[in-house]
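These notes concern the structure reproduced below.
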Amino acid sequence: MYYTQQNGALVSGCSLSEVIRQLHKKPVFNHDYIQRYLWRGVYFFAPNDAETIFKDIYRVPFESKHSIALASIKPPDDKRTALQQFRQELLSAVQACIGGDKRVAVELSGGLDSSSVSALARAAIPNADIVAFTNGVPKYAHPSFQYFLHDESSQSQQVADTLGLKHVVIEDGFRFHEVIEKYTEILGTFSEVMFPVFNHRSYEIAQQMGISVLLSGFGGDEMVSQHAREFLIELKTKRKWVRFFYECLRARRFEPKPALPFIISKEHAALLRIPVPPIEIPFFSTVREFEHALVEGALSRHFSLRIETSKLIAQHYGIRNEFPLAHPPLMRFFHALPSSFKRRHGTGRYFMRLAMQPYLPKEIVWRQNKSGSTAPAAMAAFLTQLPQLFLERITPNHQGLLADYIDIPALVQCMEKSDGVPPELQRLCLMVMMFAHLEKWLKRISSG
């Protein structure tokens, strides 16, 4: 939800685009917000606040709508009872997201989170035809892309076969040259998170198939606590030395390592015309503090914007994009559980794995080699098309607002190189392209 005031009256809408279309004059850019985004990106270290790229237009922060206050409930101390209740909370979250609809699809990568949502959807609507969308791996991609092109097709196929899902593997048909302008106008801003752009084929195919609800496994990282570092810090702080050394041995690490900041790459920073201030890395002494930061605190902006942006774009296609693992009652329950339920024997997502044992094959439940991008084919297609996408829109003498902040000629030169585009620049390039169209769109609708 976004809102502003116009002549003393409240103007609100589900997107910035909806609010902007109601205004009598073109909104003014919020330069402080834009600079902060360029300094830090959206992934981490950007607070989940109410600001937007426009002055005096605000968003309702995620926690204002879905607070999961840390001490909101007290779960059972008994592990077996807590596990039974957790299974019921998981199923209730999926049922709440599906509602009464039977035209359901799931985003299935083959990892634990998406496989769990798929299994719970089957349990919730056992006789319905459920479609599973898997983003495949391209037959060829530039060598620099290989780090994210892990083939999960055998795992996703196994899950689909086990659950009786119609499996649709998406490997081509990506039309980013249309999506960039289309999504800019849907959102009324540039897309601060990449996945909804990568996921456009799922929305299109779901619309063609008459799907009403698209379930995502996103939210698992924030909900099921696979993070070893915070768990080891908590054990060490509480002086639980036997458990600490045991978990270190099982995890093959003997000291809690400092967190690596996921902010901007060196390639990104080198192209900025503005100085990048030092970023203070937050410290979390317990697993619950870290979970809270990921969902409502200092690290939460990517979490909230991924959900909000996906929902807005899916809505354009007539689809409800739902995130069962981010369902507030489920998160409230899980975050209140003891840390020892969440990570055990060197294994993250421990309680989630136990909960899903009745639903999924053992090799899916206990696998720990999930890696790479959730959308490898789409990401590879985007990076392959990126130089052409960029160069047909942006010239070295580009005079848009971002030219004050970004060395556009240097970025154009980088796109002209024949040895491939650094994947680290994809977010910056998308921002520049969408921002260029946003300025044109704002001029068009204000003059119309």
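Here are the numbers for the structure shown:
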item: Per-residue [θ]222 nm for the chain (sum of -39500 (n - 2.57) over DSSP H runs n ≥ 4, rounded to 500); result: -14000 deg cm²/dmol
item: Spatial extent of the chain: Rg and Dmax, with the Cα atoms as the point set, Å; result: 22.3, 70
item: Approximate spin-label separation His345-Ile274, in nm, with each point projected 7 Å along Cα-to-Cβ; result: 5.0 nm
item: Top positive-direction residue, dipole computed over the stretch 382-448 with Cβ charges, set Val432, Cys414, Ser447; result: Ser447
item: Counting DSSP beta bridges with both ends in the chain, the antiparallel % (nearest 5); result: 40 percent
item: Cross-link pairs Lys240/Lys370; Lys25/Lys55; Lys79/Lys342; Lys166/Lys362 - those with Cα-Cα distance over 18 Å; result: Lys240/Lys370; Lys166/Lys362
item: Hits among lysines - C-alpha to C-alpha of Lys417 under 27 Å, sequence gap 8 or more where chains match; result: Lys139, Lys266
item: Rounded to 10°, Cα long-axis angle of helix 301-316 versus longest principal axis of the chain; result: 70 degrees
item: For the stretch 166-207, convex hull volume per residue from C-alpha positions, Å³; result: 78 Å³
item: Neighbour-count order for Cys14, Cys414, fewest beta carbons within 10 angstrom listed first; result: Cys14, Cys414
item: Cα pair distances of the stretch 348-448 binned at 5 Å [whole percent]; result: 2, 10, 17, 15, 11, 9, 8, 7, 7, 8, 5, 1, 0
item: Ranked by how many other beta carbons lie within 10 Å on average, peptides 106-119, 385-398, 293-306 from highest; result: 106-119, 293-306, 385-398
item: Rounded tilt (10° steps) of 241-251 against the dominant C-alpha axis of the chain; result: 60 degrees
item: Net lengthening on full extension, Lys79/Lys443 (0.36 nm per residue, minus Cα-Cα); result: 125.1 nm
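Computed from the coordinates by the stated procedures, all read-outs in this text should not be read as laboratory data. None of the values given here were measured: they were computed from a predicted structure. Note that we place each Cβ from the backbone using ideal geometry, even for glycine, and neighbour counts take in every protein chain shown.
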